[in-house]
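Just below is one structure, and these are the notes that go with it.
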Amino acid sequence: MLPSISPSVRGPLAAAGVLIFIWIVALSTAESHLLREIVGYKDGSSSSSSSSGGAGGWTSGLGHHLFGSPSPGSKYDDADLALMETCNKTQWTEGLWLSCHSDCGPNKKSICGGLNNARNRLQICLRLAIDIGAGVSFPYVTKRNEGVWAMTDSEAICPDVWWDMERLKERMAERCPSLRINSCAEDPEGMSQELNIPSRHYMERPHFNETWRMLVNDTLKENNVTLSNVTEQNQLLLRYSDSHVAWSYRDSREILTLRKALFNALSFNRTLLAIGEELALSEGLYGGNFIGIHLRGENDWPARWGTPERQMEQHAGEVRKTNEEADEPTKTVYVSCADRAVIQKFRDIMAVDNYTVTDKWTLFADQPEKLELVESLPFDEKAIVEYAVLLKGRYFQGNLISTMSSLVAYARTRDQPEEYFSTYIYPNTIKWGIDRYYNEPFTMRGDKHTKEFVISGQDIMDAFP
């Protein structure tokens with residue numbers, strides 16, 4: 001019998017029994033240096049912290065740290081401790097590597113899908129690598145076509161253009177020291193053999209518990225690969241497509257632990273975040289007492305997911321409702337949208353009630369150098385700048401089916417004692433397969449400070465961010 005990847009805790013028979021039980025239950029349930037110079041970037045700036053919620057991290061208008069908050073008096077929070085325990089129990093194989101991709105790029109080995117779909121592919125790949133005791137080798141990611149935003153398989157770039165890969169390596173070295181990370185390595189050196197894991201479409205059910213490990217073991221066996229022969233001198237690279245929403249944190253009972261720990265580890269490019277932080281400190285946003293809105297009104301957005309007019313109608317009504325119920329009302333609204341004409345329409349709607357609707361262009365209007373810098377950024381890099389602003393607002397409204405809105409909502413609420421989506425978004429809904437159905441779609445749901453425009457359809461939050 002070929003040596004295989006072993007469960008980290010249980011024996012084979014117990015693991016098989018648990019897996020069968022889980023399946024039964026599951027089936028029964030319904031351009032960076034220039035940027036640094038312009039924004040005055042320095043190592044150790046407020047946009048980065050070596051530990052979750054460290055003193056250097058900035059906070060949102062709600063008081064949440066951008067990178068998460070540890071328990072009082074501790075460097076690590078419960079999510080970190082769970083990650084450390086998981087990594088300690090994992091059986092690691094020196095020389096075994098995992099590279100996740102989505103069949104994009106010139107060699108069909110890159111990751112695409114836009115900023116936040118790509119980010120999810122990286123974070124899930126981390127989780128999959130830990131599960132099988134492998135190192136992770138991140139390939140290139142591909143940019144959007146700036147002329148057609150729906151086309152996300154354009155120029156290939158290194159992941160550190162969008163994410164802080166050095167910070168990721170530092171945090172994971174502390175919390176999961178056996179995990180090795182390569183970045184921008186589509187064809188990493190030193191591999192003696194490559195093996196493709198059977199592909200998965202992102203609409204298929206995600207892996208959980210033992211299912212990923214079983215798939216890898218079956219693939220090794222079918223290809224007569226013996227793990228005991230994998231060493232630093234005889235390395236094996238596993239390629240997998242597609243890791244988008246490919247691991248269910250909920251079904252694996254990691255929704256409050258590993259999901260959060262890995263999210264906190266993989267932060268956006270600190271230089272782009274610093275631009276967003278400076279934008280958020282503009283006088284026109286009154287120290288964070290504003291309503292941030294992610295309005296998905298660009299021309300690549302499918303009408304079935306809410307036309308700009310439908311979204312604006314819901315956002316306008318919710319803004320008024322928020323102020324009626326707010327302890328600290330505000331007449332300031334910040335809108336994140338790449339279409340200035342759509343923002344102007346919303347500005348006209350809200351002007352009737354004396355609201356001031358602002359955006360990145362108006363806030364940087366008196367700083368032409370910084371405005372020119374922001375204007376020069378590609379679509380997804382602008383999104384990173386706006387992400388930092390939307391975290392800062394006392395209030396936020398988004399569109400749940402947008403991964404940008406979902407990411408902001410998660411980041412704003414991840415330190416709350418209750419799981420935000422189960423508590424405020426999902427009540428009185430039906431989950432059928434990967435889809436969730438709302439009794440009142442095209443309406444706003446959420447808590448007092450963070451709300452989402454909900455639409456029936458694929459629900460990714462069990463495996464996102």
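Within the range 393-421, if we keep just the residues that are at pLDDT 95 or above and among the charged types (D, E, K, R), the residue that is surrounded by the fewest Cβ atoms within 10 Å (Cβ to Cβ) turns out to be 419. Filtered by the rule that a residue be under 23 Å from residue 251 (Cα atoms) and either in a strand (DSSP E or B) or touching a Gly at 6+ places or on another chain (Cβ under 7 Å) (or both), the range 430-445 gives 430, 431, 432, 435, 436, 437, 438. Look at the range 69-81: where a residue is over 16 Å from residue 416 (Cβ atoms) and a partner is at pLDDT 95 or above, sitting 6+ places away or on another chain with Cβ atoms under 6 Å, you get 80/175; 80/261.
The set of residues in the range 85-122 that are part of a helix (DSSP H, G or I) and acidic (Asp, Glu) contains only 85.
Would you confirm whether any residue within the range 164-174 is small (Gly, Ala, Ser) and either surrounded by fewer than 17 Cβ atoms within 10 Å (Cβ to Cβ) or under 19 Å from residue 268 (Cβ atoms) (or both)? Yes; the residues of the range 164-174 include at least one that is small (Gly, Ala, Ser) and either surrounded by fewer than 17 Cβ atoms within 10 Å (Cβ to Cβ) or under 19 Å from residue 268 (Cβ atoms) (or both). Name every residue in the range 404-419 that is touching a Lys or Arg at 6+ places or on another chain (Cβ under 8 Å) and closer than 22 Å to residue 258 by Cβ, in order of residue number. Those that are touching a Lys or Arg at 6+ places or on another chain (Cβ under 8 Å) and closer than 22 Å to residue 258 by Cβ: 407, 414.
When the criteria are applied in full, residue 86 meets the requirement of being out of contact with any strand residue (DSSP E or B) (no Cβ under 9 Å at 6 or more places or on another chain) and surrounded by fewer than 21 Cβ atoms within 10 Å (Cβ to Cβ).
Only residues that are under 20 Å from residue 133 (Cβ atoms), crowded, with 22+ Cβ neighbours inside 10 Å and either outside the structural domain of residue 138 (by TED's automatic domain parsing) or polar (S, T, N, Q) (or both) were counted in the range 218-247, giving 1.
The values are calculated or read from the model by the stated rules, or taken from the named source; none is laboratory data. Every value quoted in this text rests on a predicted model; they were computed, and no experiment measured them. Virtual Cβ from ideal backbone geometry, glycine too; neighbours counted across all protein chains shown.
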